[in-house]
Amino acid sequence: MRMTLAALLLLSACTASNATPDAGAPSPDAATSHRDDVDAGPPPEFPDAGFLESSFCFGPPAAWGHFYVWTVDFATQERVLDSVASVEEGGIYLPDHNAYAYGAHGNAEGRLDLRFPTSTNKGFHTFADGYFYGALVCNPAENNAAVILMRPLGPGRDKPLLANARATPSTVQPGGSFTLQVDLSKNTDTAEHSDETLWVEPITGTSGRLLPPSPPVNENFPDGTYAATLTAPSEPGTYRYYLSATFHNCVTSDRAVVDVMVTP
């Protein structure tokens, strides 16, 4: 997402330390340190740090790529229980807009559990209905957890609008191809769509971009139907895809969901 002056003036509603891409960063498919069969131990405790004023990374180096995120309402200091996260590989706000690779959905404790390699910076983007989006850069080689503050939007704020979210086909065989689509629009002339029209699938721990119907103009993305053609997971089951869009001023849409059934 292009950080405009207007966005920077939003009292850190969605700011993060910019990180340059890591040289030689592995692709998400080369997650050599991702081991689900290894016991990484219990997740860390939520930090007792008093009133939280900014997002932060903490904890020891991540074991076998296990990383944990809590999202917290800046105003109430309560955990945001229904957030989702999309994570960039190699940094944050990377120029090619295509580094989104990992994803998660908050559990009953408001914790998002992620798995990825430990050798590169990760750019975290968090989304929840009624909030500005949150952002933070952490390196799992240094820490295994993060707290990301999210600021409430407040009443009457114009948001990106998602409609008619669908998958074609919605039932697919393992490894088959399907297309996610959603119609994006806005009811304001004072904000523009960013590149962050994203999907997150928590079971596989993946995320990515939905592509616009036409190229952006000066990094402002158009209204229209956004789409991503994906490969179905290898295991049968029902997979829920969370979709979200963001203005350049960090205001997020209400999320849409699409269920895809993978059958033998």
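A few remarks follow.
- Breaking point among (1) surrounded by fewer than 16 Cβ atoms within 10 Å (Cβ to Cβ); (2) farther than 12 Å from V262 by Cβ; (3) of a type in the set (S, T, Y), for S234: (2)
- Only one entry of Y93, Y102 meets the criterion of being among the hydroxyl-bearing types (S, T, Y) and open to solvent by less than 20 Å² (accessible area, probe 1.4 Å), and that entry is Y102.
- Within the stretch 237-254, the set of residues being closer than 20 Å to L136 by Cβ and either touching a helix residue (DSSP H, G or I) at 6+ places or on another chain (Cβ under 8 Å) or open to solvent by 40 Å² or more (accessible area, probe 1.4 Å) (or both) comprises H248, N249, C250.
- Single residue of S185, S194, S207 found to be out of contact with any Gly (no Cβ under 9 Å at 6 or more places or on another chain) and open to solvent by less than 50 Å² (accessible area, probe 1.4 Å): S194
- Residues within the stretch 152-174 that are open to solvent by less than 50 Å² (accessible area, probe 1.4 Å) and part of a loop (DSSP other than H, G, I, E, B), tallied: 3
- Of the strands (runs of 3 or more DSSP E) lying entirely inside the stretch 78-125, those containing at least 3 residues that are farther than 13 Å from H66 by Cα span 84-89, 100-105.
- Looking only at the stretch 98-110, and only at residues there that are of a type outside the set (G, A, S) and in contact with a Ser or Thr (Cβ under 9 Å, 6 or more places away or on another chain), the one that is nearest to R240 (Cα to Cα): H105
- Among the residues of this structure, E142 does not count as one that is under 24 Å from Y239 (Cα atoms), open to solvent by 20 Å² or more (accessible area, probe 1.4 Å) and in contact with a strand residue (DSSP E or B) (Cβ under 9 Å, 6 or more places away or on another chain).
- Selected residue [touching a residue at least 24 places away in the same chain (Cβ under 8 Å) and closer than 30 Å to P236 by Cα] from T179, T168: T179
The values are calculated or read from the model by the stated rules, or taken from the named source; none is laboratory data. Everything numeric in this text was worked out from a predicted model, so none of it was measured. FYI the Cβ positions are ideal-geometry reconstructions off the backbone, even for glycines, and counts take in every protein chain you see. For the accessible areas, the whole protein counts, side chains as well, though only heavy atoms, and no ligand, DNA or RNA atoms are used. Shrake-Rupley method; radii C 1.70, N 1.55, O 1.52, S 1.80 Å.
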